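Step one of this worksheet: look at the structure below.
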Amino acid sequence: MSFGAPLWFIALLVVPGIVAAYVVHERRAGARSRALISAPLLAAVAPRRPRWRRHVPVALQVLAVTGLIVALAKPQTTRAVTVEQATVVVVTDRSGSMLATDVAPNRLVAARNAAQTFVDATPDTLRLGAIAFNQRATVLANPTRDHDAVRAALGTIRAAGSTATGDAITSALEMIQRAGSQETEIDPFTGLRRETVKAPPSAIVLLSDGKSVRGGSLTEAAEKAKELKIPVYTVALGTQSGTITGSDGQVRDVPPDVQAMRDVAQTTGGEAFAISDAQELDRVYESLGSKLAKEDRKQEVSSTFAGTALLLILLGALASIRWFGRVI
């Protein structure tokens, strides 16, 4: 829990003062009773009541004051809420190394199935886009709430070519920006109007199984995503022992570039996964599908504390009337 106006907590210094004043008052009242009435007559003139009862109304009022001060400090809780306009772009490697069979039945089939699992796990309000890439990026589906169309597009991915991961991220960022809303800003000093494009809350899910060897810089693409505040969740698919057989009959090693993918996620504020099993890939994609449709937002809960304080005041007053026939 956080607080929007924590300086109000200084007012809590009043609470010990109230308690101290009450203790002094009780002691003086007792002293006056003993001074005016002799001890043998005290029990008859002022019958003893259970001692705890007379303290309850005051205790409730003190708690109420505390609650009101906390309410003034604007307490806030962080909750995960569904983002209606969120956009997520699924970016899938389709280079020739995706035919490696170290992830059964092969990396490409596992990636396609997991991407479709991701689509199934997302709420209908989430806008999804899809890009496949080898040495160049290909848009499969622009951001849409038609998840069936995205699922069908992902099923068309075929493996061929080399890897240009930086270009794939750049294409995804451009897609997200195109999906943004046009807004008008007015300069407070010049009064001039300026049109800007505000990107919706967004994220990229990037799956790659090899080292980027073509196209633009992967580091520069990650820095651009960081600048736009678009996290990239990376999945490095495959094992270090993965191989493919080229058209020339030569066997080539195709290990995933785990460190590069981890660096992208760390730079952009996303999360990195290194996966060597199809079932694990499905689980990660399913988890991301539900997670990325939400964001943490602070919600003020002052009314809860204020309402509780008012209830304590009422209970204190009712207890005082019930036991002593008067309000404190």
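The values are calculated or read from the model by the stated rules, or taken from the named source; none is laboratory data. Predicted, not measured: the structure shown is a model, and the values here were computed from it. Positions of Cβ are generated from backbone atoms using ideal geometry, with glycine treated the same way; all protein chains shown enter the neighbour counts. The protein model used for the area step is the full one, side chains on, heavy atoms only, and it has no ligands, DNA or RNA in it. Shrake-Rupley method; radii C 1.70, N 1.55, O 1.52, S 1.80 Å.
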Subset of segment 210-237 [part of a loop (DSSP other than H, G, I, E, B), within 22 Å of ASN113 (Cβ to Cβ) and either β-branched (Val, Ile, Thr) or at pLDDT 95 or above (or both)]
none
Hits in segment 140-149 (condition: open to solvent by less than 60 Å² (accessible area, probe 1.4 Å) and either among the acidic types (Asp, Glu) or farther than 12 Å from VAL91 by Cα (or both))
PRO143, THR144, HIS147, ALA149
Among residues of segment 104-118 being in contact (Cβ under 8 Å) with a residue 60 or more places away in the chain and crowded, with 23+ Cβ neighbours inside 10 Å, the residue farthest from VAL213 (Cα to Cα) is PHE118
Please enumerate the residues belonging to segment 238-254 that are closer than 16 Å to ALA159 by Cα and assigned to a loop (DSSP other than H, G, I, E, B).
GLY238, GLY242, GLY246, SER247, VAL254
Select from segment 1-54 the residues that are at pLDDT 70 or above and open to solvent by 100 Å² or more (accessible area, probe 1.4 Å) and list them in ascending order.
MET1, LEU7, TRP8, ILE10, LEU13, HIS25, ARG27, ARG28
Out of curiosity, is ARG194 modelled with pLDDT of 90 or more, assigned to a strand (DSSP E or B) and charged (D, E, K, R)?
no
